[in-house]
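Bear in mind that the values in this text are calculations on the coordinates, not laboratory data. Since we're looking at a predicted model, the values are computed, not measured. Backbone-built Cβ (ideal geometry, glycine too); neighbour counts: all protein chains shown.
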Amino acid sequence: MTLQKRLVVERTKDFGEIYEVFNLDDASTQSDRCIQCGDPFCLNKCPLHNYIPQWLKSIAEKDLEFAFKLSNEPSPFPEVMGRICPHDRLCEGDCTLNDGHGAITIGSIETHITEEGFKAGLTPDFPGITSDKK
Ligand code: SF4
């Protein structure tokens with residue numbers, strides 16, 4: 001399963017996405033491929049140690065709210081990281097399934113989680129922030 005790339009003639013007319021964002025069924029199907037490694041290379045390679053296997057499991061079970069909460073825990077801007085992080089060299093590059101089976105498309109699922117979460121009215125928690133610095 002690959003994401004659909006929008007046509008150039010469409011993309012030159014707006015500032016929309018290059019790739020279509022996964023819908024819930026596709027994100028869930030893709031997440032369900034994760035074998036929940038005991039020692040997950042994806043998480044270990046992530047500079048933020050994002051809870052990747054955990055939010056993949058949540059999306060496989062179509063629990064968007066919990067996935068949104070998990071993806072916002074270690075990452076301040078998952079909606080940005082899902083798009084610009086070099087996943088092919090980090091989490092996806094080290095995914096166990098990248099050895100001939102095709103890595104889980106982690107970045108696309110991260111983007112799906114935040115976009116669908118925002119649409120559903122979810123907002124990140126910022127517990128423990130007491131500074132008045134900006
Ligand atoms: S390395 Fe790949 S298969 Fe293993 S937990 Fe991470 S995403 Fe899932």
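Gaussian network model of the chain, Cα springs within a sub-10 Å range: biggest mean-square fluctuation belongs to which of E61, E73, E17?
Result for the chain, Cα springs under 10 Å: E17 fluctuates most.
With an 8 Å Cα cut-off and a minimum separation of 6 or more residues, compute the relative contact order for the chain in percent. Before the final figure, lay out each step's value.
On the way: 169 pairs, mean separation 32.9, N = 134.
Computed over the chain, the figure is 25 percent.
Taking the chain as a whole, which cysteines find no other cysteine Cβ under 4.7 angstrom from their Cβ?
Isolated Cys, the chain: C34, C37, C46, C85, C95.
Give the separation of the Cα centroids, the range 68-111 to the range 21-35, in Å.
Answer, in whole Å: 13.
Of the candidates I52, I106, I18, which one comes out as most mobile in a Gaussian network treatment of the chain with C-alpha springs shorter than 10 Å?
I18
Just in the range 1-70: which trypsin sites (Lys or Arg not before Pro) are loop by DSSP and have at most 14 other Cβ atoms within 10 Å?
Details: sites: K5, R6, R11, K13, R33, K45, K57, K62, K69; in loops: R6, K13, R33, K62.
Answer by residue number: R6, K13, K62.
Please report Rg (one decimal) and Dmax (integer) in Å for the Cα set of the chain.
Calculated on Cα positions, Rg and Dmax stand at 15.2, 50 Å.
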